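Heads up: the structure comes next, in structure tokens.
The values are calculated or read from the model by the stated rules, or taken from the named source; none is laboratory data. Since the model is a prediction, treat every value here as computed from it, not as a measurement. Ideal geometry is used to build each Cβ from the backbone, glycine not excepted, and the neighbour counts take in all protein chains shown.
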Amino acid sequence: MALAMMFSFLMIPHMPLFLALGGCSAIFVIIPVWRISEKAGFSPAWSLLFFIPLAGLIYLWVLAFSDWPSRRAGA
């Protein structure tokens, strides 16, 4: 009974639609961050952190305020 109550949110009729929209919006964020990371000289795989809610925001802060390896190599 407790297990059924834990997963009762999956019984919402529009849950597949919400999950699909959430996945699409994540893709629209991950692709540009992937390209920015690549151009900055960081591993583009770090953009996959956007699938974890707070980790993506922390990565943006790290990306914004750290020294970019591509800028150090070109200077």
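Every test in (1) surrounded by 12 or more Cβ atoms within 10 Å (Cβ to Cβ); (2) modelled with pLDDT under 75; (3) not aromatic (Phe, Trp, Tyr) is passed by ALA4 save one, and that test is (1). For segment 23-36, the criterion of a residue being of a type in the set (Lys, Arg), modelled with pLDDT of 90 or more and at negative phi is satisfied by at least one position. Taking every residue in segment 19-35 that is closer than 15 Å to ILE52 by Cβ and pairing it with any residue that is among the aromatic types (Phe, Trp, Tyr) and in a helix (DSSP H, G or I), at least 6 positions away or on another chain, the pairs with Cβ-Cβ distances below 7 Å are ALA26/PHE50; ALA26/PHE51; VAL29/PHE50; ILE30/PHE50; VAL33/PHE50.
Across segment 30-66, the qualifying residues are those that are of a type in the set (Ser, Thr, Tyr) and assigned to a helix (DSSP H, G or I), and the one among them that is farthest from ALA20 (Cα to Cα) is SER37.
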